[in-house]
Each structure stands twice: as C-alpha cells, then as structure tokens.
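Notes for the one structure printed next.
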Amino acid sequence: MEPVVIYIIIALAALVGGTVLGKLVFSKNTKKQVEDAEQQAQRIITDGNLQAENLKKEKLLEAKEKFVQLKLEHEKDVLQRTQKIVEGENRIKQKEQSLNQKDQNLEKQVKDNDAIKETLNRQIEVVNAKRTELEKHQEEHIRRLEKVAGLTAEDAKTQLIESLKQEAHTKALVIQQEIIEDAKQKAGKEARKIVIQTIQRTAAEVAIENSITVFNLESDEIKGSIIGREGRNIRALEAATGVDLIVDDTPEAIVLSSFDPLRREIARLSLQRLVADGRIHPARIEEVVEKTKKQIDDQVMEIGERTAMELGVHGLHKELIRMVGRMRFRSSYGQNLLMHSRETANLCAIMASELGMNPKLAKRAGLLHDIGKVPDEETELSHALLGAKLAEKYGENPAVVNAIGAHHDEMEMQYVISPIIQACDAISGARPGARREIMQQYIQRIKDLENMALAYTGVEKAYAIQAGRELRVIVEADKVTDGDSEKLSFEIAQKIQTEMTFPGQIKVTVIREKRSVNVAR
C-alpha cells in the first residue's frame, strides 16, 4: 500500500504543477504506473463503498432487531399493567358487591329494629299500666295492715330494721368468730407442722451460764501466793482483768466473779498459768494477762471461723467473724449467745427450706441476728439496730441487714426472711430450758394479765394460771350475756397479743355462771 500512496501524491503534485512539469519529469513508464495506481485507487474506492454498503445493511438489521425487542418488551409491560388494572377492577367490583350486600342487610336490620322497638314500646305501656295497678293494690293492702296492726308503715319498717340489725350484728359476730377460729386452726395447723418439723430436725443444748467461775486449787497454801504481801498480787490481778477474786474459807477453791464471761475466762486462764509457773508478782501478772488476752483474741477468731465453716456460711467479713467468736463468751437471760445464734441459724435454714425460700441467706441472717450484743464500744442503740448497722457497714446483703434490724420490730420488715428470723429467734429463746426469767418480771407479767382483764366492764374476777399460760376471766351473769362473753374473750386475746410480750401462747377463758340462791326458814 505504501508505493500506491506515494504514486497518488506524485500524481496530485503533477496535476497541480501543470502539464509542462509533468512532461519534463515523467516518462512513459511513469504514466503507466500512474494509470495502474489510478486503477488500483478506483478498486480501493469501490471496495470501500461495498464495505460501507454492507456495514449499513448490518446496522439496519441490528436496529430492526433492537426495535423488535423493545417493542416486545413494551407490549409485555403493557400486558402486565393491563392485567393488574383488570384485577384491580375485579376487586373493586367485589367490594362494591359486598358493600351493597351490607347496605341491604343494614336496611333490613333497621326495619327489624323498628318493628322490635314498636313491640317493646307496646310492652312497656302494658307494664306501666300493670305497675300503676299494682301500686294501687299495694297502697290499699298497706292501709289494711296499718288498721290491723295499729302501726304506720314507717314505724313497722323502723322496728323491723332495728330487729334485723341486732340479729345481723349477733350473727355477724358469730360468723366472724367462726371464720377467725377456722382460719386460726388452719393457719395454726400449718404453722405447727412447719415449726415442729423445724424443731424436730434441730438438736440444741440446755445450758445456763452463771456470773461466777470457780477456780480449783491443788491446796490452800497457794491462796497465800495469789493474795501476795498486803494483797498486792490479788489487787494487781483484779486491776488487770477487771474481775473480782473472792478468796474465802472454801477449801481448795477461788471464786472469780464478773458479769462479763470473756473477762472471767481471761482471769481463769491467767490464774491457771500463774499457778502452774509459780512466779506470782504484779509484773508477772500483767505480762501473763496480756499474753492471755492475745490468746483469747486468737481463740475468738478460731471459734468464729469454725462456727462459720460448720454452718456453711461463707464470705463473712473478719470483724463479723470475730463478733461471732465473741458470742461464745456472752449470755442472754442465761442462754449462751453463740449456741442461741447457731440454733437460730439452723432453725431459719430448715424453715426457709420448708417454705421454698433461700436457706443459705436465712441461715446467714440467723447467725448474725444478735451481733449487736457484742459491740466493741458501748452505744445507745438497741442491739437489733446496732447489729443492722454493723452488718451494713461490713457489706452484708440488704435482706440480712433488714432481718437483723427487724427481729424485734424496731425496723419495718421489707423482706420475706425477716419474719422467719423473728420466729426462729423466739422459738430458740422460748423453748423449755433455754432461758431463765427473773422472778420480778414473771410476777409483773402475771399482774399485768389480770389487770388487763379486770379493766373490762362486767368482769368480776380474773386469774392468771399455769404460769401465765392461761387467763381465767369470771364475769357477772346479769351484766354480760353469752354473746358478750364470746366477744369479751376475743377482745382480751387481741389486746394481749398487741400490747404484751410473752413466750408461747396465752389461752383466754371467759366464764359466765348464773346462780339462783334462796333460803328456806
């Protein structure tokens, strides 16, 4: 192709340059080559035209095919839209038919309702006429009754209401008493069942702590060494331990007197070490007492840890463990505090299990409920509130804190385990042999029972019997009826329950006796 192009350029130059230049430059052979080039160019032009024609036909065919495809897609889309329109029209027609049917039904119901309304109006008119007639007959009947009875309708109504009111009051009191008795029996039965099962599954010791400890000696000669010259040894020992040492004529014995069992134990162990060592003088006494106090502190921690481990109470703060250990050397009404707390914890766990609650949480609260009785410092708070404060301080569960503070009703009970702790504390303290009761308190409780019953109108005599477990009330027969006797018994029992604190339960028996006495002369 390159020579042909050159030839075409040369030819064009020749044509531009003119004929003369062409004659000078080109020869015959050149003319022939130019003719050949022109023929070849003509053939190239012809081939190009043919290719352009073919390309045009191909493009026309492709355009036609594209047009046909677009036309088919358009027709398909139009068909789908037409089908949707037809379906929508069909649904609209169905809805129109349904609405027409409902309109017809509503028109029919309205017509039926009008007919029913007319029928009811006619019946109401008939009923009103009969009511008017009945009222006339009733008025006439009332006038006849008034003539026969000699009372007006209002008077008869008042008398009837009063009689019915008295009868209803009496029956209501009887029904109330029956319901209360039934509820008490059922509740008491279930409560006794749970409490008895709890107590049967718990074994407790019956032991009474005293305020004195007797220290036995091998011989009376040691008493002189304990007393020391001019009593300096015994004074040093009393000053160091805070315990009174009573040395009397009792053979081979010295009495250690103190209301604090922990101090008595320190004094006993110190005296035991001094007697065994034989060196008894003020300096040695102070040294031995300090060592003994440290030993007791270690023993207290050991007792607290062992108690927590035996009960399965884990995660207690060290201070709480130490307080639990100190309970071993405290007593409450003659009952050892640690034994009482252990017993209460076991009772709480068993009762919580019977009631379907968390036994571990209840056992924890039962063990700690009296920690306010062994404080490090004296305070004006009661032991329950102080115990709750200490438990809260050392991160105990809020339910445990509330149970400790509420077991003597000094704090509102906010959790379910709180009444369980209170009940188990009472069970442990009120069982036979658990505590001693001071004679003055016992006599005062008996007098309060009798005076409470004598304060009621119609009560002639009152006797507290069976160590205060039963109250016999004798009423005057002409002032108190049989119905009033039941009411009086109920009211006295409720007042005792709300105003007095007592172990166990108190039975109230009201006796009404009618006597007729005549003398034959």
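The values are calculated or read from the model by the stated rules, or taken from the named source; none is laboratory data. For clarity, every value in this text was computed on a predicted model and none was experimentally measured. Don't worry about glycine lacking a Cβ; one is built from the backbone with ideal geometry, like all the others, and counts go over all protein chains shown.
Selection within the range 267-285: residues that are part of a helix (DSSP H, G or I) and not hydrophobic (A, V, I, L, M, F, W, C). The member of this set that is surrounded by the fewest Cβ atoms within 10 Å (Cβ to Cβ) is Asp277.
Is at least one residue of the range 140-155 closer than 30 Å to Thr481 by Cα and either surrounded by 10 or more Cβ atoms within 10 Å (Cβ to Cβ) or of a type in the set (Asp, Glu) (or both)? Yes; the residues of the range 140-155 include at least one that is closer than 30 Å to Thr481 by Cα and either surrounded by 10 or more Cβ atoms within 10 Å (Cβ to Cβ) or of a type in the set (Asp, Glu) (or both).
Under the condition of being of a type in the set (A, V, I, L, M) and touching a Ser or Thr at 6+ places or on another chain (Cβ under 8 Å), the residues counted in the range 442-479 number 3. If the condition is being among the aliphatic types (A, V, I, L, M) and either closer than 23 Å to Asp370 by Cβ or assigned to a strand (DSSP E or B) (or both), then the range 286-310 contributes Ile296, Val300, Met301, Ile303, Ala308, Met309.
Taking Ala406, is it among the hydrophobic types (A, V, I, L, M, F, W, C), assigned by TED's automatic domain parsing to the domain that holds Arg342, closer than 20 Å to Leu311 by Cα and buried (at least 19 other Cβ atoms within 10 Å of the Cβ)? In short, no.
One line per residue, one yes/no per condition, for (1) surrounded by 16 or more Cβ atoms within 10 Å (Cβ to Cβ); (2) closer than 30 Å to Lys514 by Cα; (3) at pLDDT 90 or above:
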site: Cys424; (1), (2), (3): yes, no, no
site: Gln440; (1), (2), (3): no, no, no
site: Val459; (1), (2), (3): yes, yes, yes
site: Tyr463; (1), (2), (3): no, yes, yes
site: Gln466; (1), (2), (3): no, yes, no
site: Ile474; (1), (2), (3): yes, yes, yes
site: Asp484; (1), (2), (3): yes, yes, no
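Any residue at all in the range 477-500 that's touching a residue at least 40 places away in the same chain (Cβ under 8 Å) and touching a Lys or Arg at 6+ places or on another chain (Cβ under 8 Å)?
yes
Matching residues to (1) within 28 Å of Gln497 (Cβ to Cβ); (2) in contact with a strand residue (DSSP E or B) (Cβ under 7 Å, 6 or more places away or on another chain):
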| residue | (1), (2) |
| --- | --- |
| His369 | yes, no |
| Glu377 | no, no |
| Glu392 | no, no |
| Met413 | yes, no |
| Ala426 | yes, no |
| Arg445 | yes, no |
| Lys461 | yes, yes |
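Out of Thr344, Thr307, Thr292, one residue alone is without any contact (Cβ under 8 Å) to a residue 40 or more places away in the chain and β-branched (Val, Ile, Thr). It is Thr292.
Only one of the numbered conditions (1) in contact (Cβ under 8 Å) with a residue 12 or more places away in the chain; (2) over 30 Å from Thr481 (Cα atoms) is violated by Gln97, and that is (1). Applying the condition of being surrounded by 22 or more Cβ atoms within 10 Å (Cβ to Cβ) and basic (Lys, Arg) to the range 350-373 and asking which residue is nearest to Met323 (Cα to Cα) yields Arg364. When Glu396 is tested against the conditions (1) closer than 18 Å to Leu311 by Cα; (2) in contact with a Ser or Thr (Cβ under 6 Å, 6 or more places away or on another chain), the lone failure is (2). Residue pairs whose Cβ atoms lie under 8 Å apart, separated by 6 or more positions or on different chains, with the first residue in the range 366-384 and within 18 Å of Ile420 (Cβ to Cβ) and the second part of a loop (DSSP other than H, G, I, E, B) and acidic (Asp, Glu), are Leu368/Glu396; Ala384/Glu410.
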